[in-house]
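*Asks:* Once you've had a glance at the structure underneath, I'll fire off some questions.
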Amino acid sequence: MTDGEEVLLYVYDVTAGLAASLSPVLLSGRKIDGIWHTAIVVYGKEYYFGSGGIGAAIPGTVVGFEPVDKIKLGVTYIPFQVFEEYVNGLAESEFRGDAYHLLNHNCNNFSDTLSNFLVGTGIPSHILNLPDEIINTPFGATIRPFIEQFVTNSPSLERIKREISPEFLQLNSDIEAARNDISNGYRMSEGAEVTTEVDPSVQLAQNLAEAERKEREERRKNREPPIVFKDAVDVHIEFDALVGLIDGKLNEEEQQSLEELHQYMLQDEGSWALGDAFLIFIGRLLTDKSLGDEVSMRCLNVLSAAALKDDVILMLHQDRKQHILMNYAYEVDRLPLPQQKGITLFICNLFENSGSSEWLLYISEWPFNNTQISNIRVTTKVAVNAVLSEDEELRDRGTAIIYNLATKEVKTVVFDDVAVELTMAILQFLNGNPAEAQLFRCLKSLSQFCQISAQDVPQLIQMIGPHPSKFKGQSERNDQLIEEISKRLR
């Protein structure tokens with residue numbers, strides 16, 4: 001088993017071959033291979049959406065026939081509990097059964113949303129855009145009744161004609177039970193006896209979940225703990241100061257968003273307390289100059305505390321379309337020093353939890369100010385800006401971000417380039433007189449980067465310098481890293 005959870009897209013042809021045979025006749029020679037129903041397979045279950053809402057099942061048992069394709073979307077590191085909470089939230093909001101629409105809000109839109117949440121990229125566009133291309137044609141008119149009948153009347157989909165099906169809740173309960181070392185049978189209602197005969201599919205899910213739990217625990221033991229700054233701000237002081245600064249300057253909707261922030265940060269409500277307009281509100285606090293610079297500073301400090309919460313990934317996911325937070329962070333070098341410190345602290349603290357740290361490394365790009373940027377590019381820019389700053393506190397946070405990036409063991413092609421960029425920043429930083437702790441972070445990062453980019457990084461160290469041996473004798477742990485790096489230099 002590899003790190004993380006593989007995410008698959010199961011693709012079904014709801015016409016069972018009818019589209020392929022009829023489309024050339026009705027579309028003037030153009031052939032349509034199928035009309036697609038999709039589902040996401042992850043954590044050992046198949047998650048799908050229909051007119052009855054969201055459901056989950058053993059992979060391959062939902063439709064009644066085999067998928068025509070199984071597309072690997074990527075690997076996710078989001079914890080199952082966070083994913084489960086996210087799906088439950090979708091089932092109560094965006095993907096309720098009564099929100100289903102054959103053309104505009106269907107199973108493929110659900111799969112696209114889950115894919116973006118899990119791996120940072122959507123499903124193939126030829127699947128997502130097919131309804132707009134086909135349904136409104138004569139061919140579409142011919143097969144539309146068939147599709148509607150499939151969605152609403154298929155016995156194999158009958159289980160999803162409930163708000164959240166008992167099967168969905170039971171399957172999640174089974175897996176969660178296995179994660180808590182309950183391997184003998186499955187949990188029944190209170191007062192009932194535990195069965196001695198376990199359904200094979202449930203037992204398989206339990207065994208897989210138990211093996212996964214053990215492997216994750218082993219990786220957690222061996223993982224380098226991230227460097228975060230839990231005591232950098234007092235969230236009560238920052239929130240009270242923020243409220244005082246914006247009192248009387250908010251409309252009704254913004255006032256509601258402020259109350260949601262209060263519930264999330266001070267009353268320990270989950271991130272589902274944050275409404276759809278919350279990040280638009282945050283965007284105004286960060287960018288509206290009429291509110292004053294101190295408002296954005298206080299807002300960033302509150303967000304830095306929020307970054308430490310284990311469900312902050314759900315808030316981040318709300319920003320997947322507008323990119324309010326990362327667009328702001330990308331312009332870090334144009335911000336006043338207090339705001340630079342705030343956004344750097346926010347980024348650094350997001351490494352506290354695996355889900356949010358993976359979010360920082362997403363490679364999906366979007367346009368911003370005539371350039372293409374991504375989460376990993378923004379994270380890198382914030383780190384480089386900080387480590388090359390003249391401000392000591394900012395440099396400290398910058399070395400922490402680089403250390404966190406280096407020890408994440410990222411397995412993406414793009415990270416090879418990132419490693420080179422961060423190495424150049426480290427070497428420039430080392431021309432100064434770093435403290436022992438900051439030197440350790442830099443040397444540890446260089447050691448990791450020498451493994452990630454085995455040719456370019458060692459060459460840069462030799463060409464640009466300084467040579468790591470310059471810092472020998474400061475501490476035993478640094479001397480060990482200097483030896484490791486020196487072995488890779490030719």
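*Asks:* When a/c reaches 1.5 or more, the comparison of a/b and b/c decides; with that in mind, is segment 73-116 rounded, prolate or oblate per its Cα gyration tensor?
*Replies:* Numbers: a/c = 4.46, a/b = 1.50, b/c = 2.98.
Judged from the Cα gyration tensor, segment 73-116 comes out oblate (a/c at least 1.5, b/c at or above a/b).
*Asks:* A follow-up question, please. List, largest first, the extents of the alpha carbons of segment 221-379 along their principal axes, each in whole Å.
*Replies:* Its Cα atoms span 47, 41, 30 Å along the three principal axes.
*Asks:* Once phi is turned into ³J(HN,Hα) by the Karplus curve 6.51 cos²θ - 1.76 cosθ + 1.60 with θ = phi - 60°, what whole-Hz value does each residue of segment 112-127 show in order, with x for glycine and proline?
*Replies:* The phi angles translate into 5, 5, 5, 4, 4, 5, 7, 10, x, 9, x, 7, x, 5, 5, 7 Hz.
*Asks:* Using θ = phi - 60° and the Karplus form 6.51 cos²θ - 1.76 cosθ + 1.60, what ³J(HN,Hα) does each residue of segment 343-354 get, whole Hz, x for Gly and Pro?
*Replies:* 6, 5, 5, 4, 4, 4, 5, 5, 6, 4, 10, 5
*Asks:* Starting with the highest mean, order 337-346, 274-283 by the number of other Cβ atoms within 10 Å, averaged over the residues of each peptide. Mind showing how you got there, number by number?
*Replies:* Working: 337-346: 22.8, 274-283: 18.3.
The peptides rank, most packed first, as 337-346, 274-283.
*Asks:* For residue 368, which sequence-distant residues (separation of 5 or more, or a different chain) have an amide H within less than 5 Å of its own amide H, given hydrogens modelled in the peptide plane?
*Replies:* 373
*Asks:* For segment 390-486, state which GluC sites (Glu not before Pro) are in a DSSP loop and have at most 14 other beta carbons lying within 10 Å of their beta carbon. Show your work: numbers first, answer last.
*Replies:* Details: sites: 390, 392, 393, 409, 421, 436, 476, 483, 484; in loops: 390, 409.
Sparse-neighbourhood loop GluC sites (Glu not before Pro): 390, 409.
Read the figures in this text as sums done on the coordinates, not as results from a lab. Being a predicted model, the structure only gives us computed values, none of them experimental. Virtual Cβ from ideal backbone geometry, glycine too; neighbours counted across all protein chains shown.
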